[in-house]
Amino acid sequence: AEVDVIHVSRHPGSGADDPLALAEEALRTASSSLHLHRVDGPVAQTLGEESADADLLVIGVDPAHPVRAALGGWLPVRVIGRTRAPLCIVPAGWASRPGHRVTVGWEDDLSSTEALTFAATEALSTDGRLRVVHAWHLPEPVADGAVALLVRPDHVLQEHRELLDAAVQTLERRFPTLHVEAELTRTSAAEALARHSETASMTVIGTHRDGVLAGGYHGGGAQELLLGTGRPGVHVAASGFPPRG
């Protein structure tokens, strides 16, 4: 694969402290086509511009310092809103483990179409197994008014099960050699995906690109998914939602 390493900084290092030199040392034997360059500008905007034609943008995050990340403006969330390429966020200390399947969070809106395709393609390139997770919940009187009191839980459950089954059938038609598992769970989306993090090689979700992730990954839920699983998380932007700016 062709690898382009970008360092966005107004204070370039030198010698052993140069991050580009460290990157070159780490990747020298991993890629036959390695490019390294330094760019000046706002980090999130610059990464979005530099990755416009990339197949994948990869950045790191340090789960051990959530306060520092919050004070820094939650850079990963800002990058999500500005990139066209799928964004892979890799936590510090992560190590690859063979045999673990790709997990994708699915929502019944337009935000998940590209995420399903990306996850299926990644799963086929590894062990050919994909887990599709769909979280659901009942309407709440505080948010949905009196109509929530008229809802039958069994009807809501059946509706979500049918929607998930239809999405899985579409995947199986498009990727006939892919082994697909589906899980329907009554909890928050972030909790559902975190539950599978230990047996996932990566977690994939769709995003509206506006800094609020699709399907209920709002605010703290997004931060929980970014920092709480300890596994790489891929955020695939929906083509129907253009990048900000």
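Are there any pairs, at least 6 apart or on different chains, whose C-beta atoms fall under 7 Å, with the first in region 87-100 and touching a residue at least 40 places away in the same chain (Cβ under 8 Å) and within 19 Å of L130 (Cα to Cα) and the second open to solvent by 50 Å² or more (accessible area, probe 1.4 Å) and not in a strand (DSSP E or B), and if so, which?
C88/L56; H100/T199
Looking at (1) at pLDDT 80 or above; (2) of a type outside the set (S, T, N, Q); (3) open to solvent by less than 60 Å² (accessible area, probe 1.4 Å); (4) not in a strand (DSSP E or B), can you tell me which one P63 breaks?
So P63 meets the others, but not (1).
Yes/no per residue for (1) of a type in the set (F, W, Y); (2) without any contact (Cβ under 8 Å) to a residue 60 or more places away in the chain; (3) not in a loop (DSSP other than H, G, I, E, B):
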site: L22; (1), (2), (3): no, yes, yes
site: T29; (1), (2), (3): no, yes, no
site: H37; (1), (2), (3): no, yes, yes
site: Q45; (1), (2), (3): no, no, yes
site: G48; (1), (2), (3): no, no, yes
site: D53; (1), (2), (3): no, yes, no
site: I59; (1), (2), (3): no, yes, yes
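Being open to solvent by 60 Å² or more (accessible area, probe 1.4 Å) and not in a loop (DSSP other than H, G, I, E, B) is the filter here, so list the residues in region 77-121 that pass it.
Those that are open to solvent by 60 Å² or more (accessible area, probe 1.4 Å) and not in a loop (DSSP other than H, G, I, E, B): R78, L110, T113, T121.
Take the residues in region 130-157 that are modelled with pLDDT of 75 or more and within 30 Å of S201 (Cα to Cα), then tell me which one is surrounded by the most Cβ atoms within 10 Å (Cβ to Cβ).
Here the answer is L130.
Out of the strands (runs of 3 or more DSSP E) lying entirely within region 170-245, which hold 2 or more residues that are at pLDDT 85 or above and open to solvent by 50 Å² or more (accessible area, probe 1.4 Å)? First the steps, then the outcome.
Values: elements: 179-186, 200-207, 233-237.
Strands (runs of 3 or more DSSP E) meeting the threshold: 179-186.
Report, by residue number, each residue of region 27-46 that is open to solvent by less than 90 Å² (accessible area, probe 1.4 Å) and at pLDDT below 85.
A30, S31
The values are calculated or read from the model by the stated rules, or taken from the named source; none is laboratory data. Keep in mind the model is a prediction, meaning the values are calculated, not measured. Because the Cβ atoms are built from the backbone with ideal geometry, glycine has one as well, and the counts that use them run over all protein chains shown. Just so you know, the surface numbers come from the protein's heavy atoms only, side chains and all, with ligands and any DNA or RNA stripped out. Shrake-Rupley method; radii C 1.70, N 1.55, O 1.52, S 1.80 Å.
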